[in-house]
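Presented below is the structure to which this report refers.
The values are calculated or read from the model by the stated rules, or taken from the named source; none is laboratory data. These numbers were taken from a predicted model, which means no experiment stands behind them. Every residue, glycine among them, receives a Cβ derived from its backbone with ideal geometry; neighbour counts consider all protein chains shown. The area values use the complete protein model at the heavy-atom level, side chains included, leaving out ligands, DNA and RNA. Shrake-Rupley method; radii C 1.70, N 1.55, O 1.52, S 1.80 Å.
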Amino acid sequence: MGIGSKHRKPTGVVVAIAAATVVSTAWAQSLPDIEDSITQGSQIDEVIRGQERLNRQLEAGSNEIDGEAGIYVLTQNKIFIAGASAGAGYSGNPVRTTDDEGGSFFGNFATTAGVQTILGETVDFGARVNFSGIQYIEKFAPSSRNVNGVANFGMPIQGTPLYASVSGFGGVNFDDSFDDGTAFYGTSLSMSAAFQVDDRTVSGMNLGVARQWNENEDNNSVSASLGANIGRAIASRWSVGASARASRTWYDDFFEDVTFVSREDWTYGGSVSVRFQAHELVTILASGGYEKRDSTFFLSEYDSVDTSLLVSASLTY
C-alpha cells in the first residue's frame, strides 16, 4: 500500500520530557525544587537523543542512497511503519550538571508505530506513538521511561533544496518505576535542506524553532537550533556519518523567584557514527559524541563525552 511518487522527506522531530527525580546531594537538600528541575532537564536530553537515534535507524531503510537518514524516500511510499531498538553505552556526565558526579554505563530501548504518507500528492503527513526508556547502572543517574506522540506536516519548496515542516507533540514521562509522571506538549517549525554531494555522499542542514509547555511550568521554554550532517556510503552495507548542532533555549521563568537569574542556555555538540546494515530490516549503529552547555544558571552547565552501540529493526508496509 503506498503512493508512487519520489518526494523529499523531513527529518523526524521527536520531543520528550522527563519525570522529576530528586538527587541526593547537598544542593538538593538545600534547594530540592531547583535540583529536581535540573535532573528533569538532563532526562529530557537523554530521551530526545535516544528517540532521535531510533528514528534515524527506522528512516535509514527508506532512503534511495546510503547515508544520513531523512534525505530521500523510496519511490514507493509505504504508509505504515513499526520498529524497535535496544542498545548500551556509556555517558561521561549523565546528570548533565556542572556538579559532575561521574559517568555511568546504561541500557536503552525504544519502540515506535505510526503512519507516514503523502496527502494530495503534495503534503507529507506522519503520526507516531513512541515508547522509550533509559536505565543507568549508577543510582545517581536519572533513569526514565517516556510515552509520547507526534504528528507532522511537511512539504518541499519547489525549485529549491528546502523542506518546511510543522509538528505537534505531547506525552508523559516517568521515572524508572513509572512513578511521578510529568505531562508535556508543544509545537515546532523547521526548515531543512539536503544536498547530494556525489553518488555516495549526502549532506544536510536544519534550522528549527520549538515551543514547549509542561506540567512543571518552571520548565516552559522556547528553543532554536541549527544542525548540519554528512553521510557517506563506504561499502554495500557500511556507511559513516558526522553531525554538529548548536541550540539556544530561553526559559519562561526557571525558578527566578529563588535564583533571581533569568535562565538561558547555549548547547553545542557533535558526533560521529558507523552504520552497518546487517539485514534489510536490521541496522547496527556505533556512535560517539561530545556535548557542552553554557548557561546563565551556572549549575546547569556541563560537558560530556558519550558512546553507544544500538541495534534496531524496522518494518514498513
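Does residue 122 satisfy the condition of being in contact (Cβ under 8 Å) with a residue 40 or more places away in the chain and either surrounded by fewer than 18 Cβ atoms within 10 Å (Cβ to Cβ) or in contact with a helix residue (DSSP H, G or I) (Cβ under 8 Å, 6 or more places away or on another chain) (or both)? So residue 122 fails the test. For region 132-166, filtering for residues that are under 21 Å from residue 97 (Cβ atoms), open to solvent by 30 Å² or more (accessible area, probe 1.4 Å) and in a loop (DSSP other than H, G, I, E, B) leaves 4.
With respect to (1) farther than 26 Å from residue 294 by Cβ; (2) assigned to a strand (DSSP E or B), the lone exception for residue 265 is condition (1).
Checking each residue in region 247-294 for being out of contact with any strand residue (DSSP E or B) (no Cβ under 9 Å at 6 or more places or on another chain), among the aromatic types (Phe, Trp, Tyr) and touching a residue at least 12 places away in the same chain (Cβ under 8 Å) picks out only 255. For region 90-111, a residue qualifies if it is part of a strand (DSSP E or B) and open to solvent by less than 10 Å² (accessible area, probe 1.4 Å), and the qualifying residues are 91, 104, 110.
Scanning region 184-213 for residues that are at pLDDT below 90 and either closer than 25 Å to residue 146 by Cα or not in a strand (DSSP E or B) (or both) turns up just one, 199.
The residue of region 176-193 that is nearest to residue 134 (Cα to Cα), among those that are in contact with a strand residue (DSSP E or B) (Cβ under 8 Å, 6 or more places away or on another chain) and open to solvent by 50 Å² or more (accessible area, probe 1.4 Å), is 176. Taking region 266-306 as the range and being over 14 Å from residue 242 (Cα atoms), open to solvent by 30 Å² or more (accessible area, probe 1.4 Å) and of a type in the set (S, T, N, Q) as the test, the residues that pass are 277, 296.
For region 167-175, the criterion of being modelled with pLDDT under 90, farther than 30 Å from residue 239 by Cβ and either open to solvent by 60 Å² or more (accessible area, probe 1.4 Å) or among the charged types (D, E, K, R) (or both) is met by at least one residue. Residue-level analysis places residue 170 among those that are within 25 Å of residue 265 (Cα to Cα) and in a strand (DSSP E or B).
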